[in-house]
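Structure record follows, encoded as structure tokens.
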Amino acid sequence: MEMTPPERYRQLAAWFRQPAGRALAMREKAWLDAVLPDLFGYYLLEIGGTERADLAAASRVLHSFRMTPAPGSDPGPAVPSLYAEVEALPVASRTVDVVVLEHVLEFAVDPHAVLREVERVLMPEGHLVLLAFNSRSPWQLARPGRRGRPPWSGRFYSGRRLRDWLALLGFDLVLQRGLMYRPPLPGERLQERLRPLEGWGERWSLPGGAVHLLVARKRVFSMTPVRPRWRPRRATGAAVPAAGQHYEE
């Protein structure tokens with residue numbers, strides 16, 4: 001029987017407690033610690049099902065809160081957390097300055113709806129920090145034997161597709177990096193021996209990282225008035241606007 005999205009999120013959280021998952025979690029945390037201090041505001045919303053409470057600890061945003069798509073998850077007391085449908089966030093429009101979306105798109109019923117909700121709740125010039133598994137990564141080679149287990153049971157995405165989705169929603173890309181160049185092999189010692197691969201891959205921004213890290217800024221659209229071109233009406237002499245008068249975005 002097919003697993004529900006909450007069940008998949010809970011299994012993903014369990015995978016992040018295994019050696020390969022812990023190694024990935026450390027890389028993601030290191031990069032978020034470098035990125036988040038440069039993003040400011042009053043409210044930060046962290047959305048994810050991996051039960052990690054410390055992802056946004058480096059943020060300077062005044063108030064942080066967390067939503068999880070898996071009921072019963074307990075990321076700990078550090079960040080207030082509640083269960084919510086990620087395709088219909090219980091958050092008012094234009095109220096959040098930073099959204100951290102960690103491995104939600106891969107298991108969401110409608111990933112487009114998730115991104116539309118993120119765009120809705122963000123303030124103009126607000127930032128989205130997105131973590132998602134890469135469909136162009138060597139990790140895909142491990143999928144055939146693990147198709148029913150997270151993270152391979154989710155949908156992986158190419159960087160181009162994620163950029164296209166964000167552009168359509170009015171986001172400007174600020175940063176894109178690949179993370180995790182080690183293979184998903186079991187064992188703490190083996191992961192530690194392969195740690196130098198991270199330095200080489202990230203130093204040269206090599207393609208093939210297992211995870212995308214994207215930072216995008218919500219674009220502000222302004223109404224630009226267009227001056228009307230007036231012409232006299234022959235019968236009365238009254239002025240009327242020329243055809244095609246309008247306002248442009």
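The values are calculated or read from the model by the stated rules, or taken from the named source; none is laboratory data. Because the structure is predicted, anything quoted here is derived from the model rather than measured. For neighbour counting, all protein chains shown are included, and Cβ atoms are generated from backbone atoms with ideal geometry for every residue, glycine included. What goes into the accessible areas is simple: the full protein's heavy atoms, side chains included, and nothing from ligands, DNA or RNA. Shrake-Rupley method; radii C 1.70, N 1.55, O 1.52, S 1.80 Å.
Looking at this structure, is residue 161 open to solvent by 50 Å² or more (accessible area, probe 1.4 Å), out of contact with any Leu (no Cβ under 8 Å at 6 or more places or on another chain) and over 23 Å from residue 220 (Cα atoms)? The answer is no for residue 161.
Kindly evaluate residue 199 against the criterion of being in contact (Cβ under 8 Å) with a residue 60 or more places away in the chain, small (Gly, Ala, Ser) and open to solvent by 10 Å² or more (accessible area, probe 1.4 Å). No; evaluated as a whole, the condition is false for this residue.
When segment 170-185 is filtered for residues that are open to solvent by 20 Å² or more (accessible area, probe 1.4 Å) and among the aromatic types (Phe, Trp, Tyr), only 181 remains. Would you mind finding the one in 88, 132, 108 that is under 17 Å from the mean Cα position of the chain (by Cα), in a strand (DSSP E or B) and of a type outside the set (S, T, N, Q)? None of the other options fit; the residue is 132.
Scanning segment 1-19 for residues that are more than 22 Å from residue 89 (Cβ to Cβ) and either under 19 Å from the mean Cα position of the chain (by Cα) or open to solvent by less than 10 Å² (accessible area, probe 1.4 Å) (or both) returns a single hit, 16.
Among the residues of segment 118-146, those identified as more than 19 Å from residue 162 (Cα to Cα), at pLDDT below 95 and surrounded by fewer than 16 Cβ atoms within 10 Å (Cβ to Cβ) are 141, 143, 144, 145, 146.
Given the structure, is residue 93 at pLDDT 90 or above and loosely packed, with under 14 Cβ neighbours inside 10 Å? So residue 93 fits the description; yes. In segment 167-185, the residues that are at positive phi form Cβ pairs under 6 Å with partners that are modelled with pLDDT under 95 and of a type in the set (D, E, K, R), at six or more places apart or across chains, as follows: 170/219; 180/27. Once segment 23-39 is narrowed to residues that are of a type in the set (D, E, K, R) and without any contact (Cβ under 8 Å) to a residue 40 or more places away in the chain, the residue that is surrounded by the fewest Cβ atoms within 10 Å (Cβ to Cβ) is 38.
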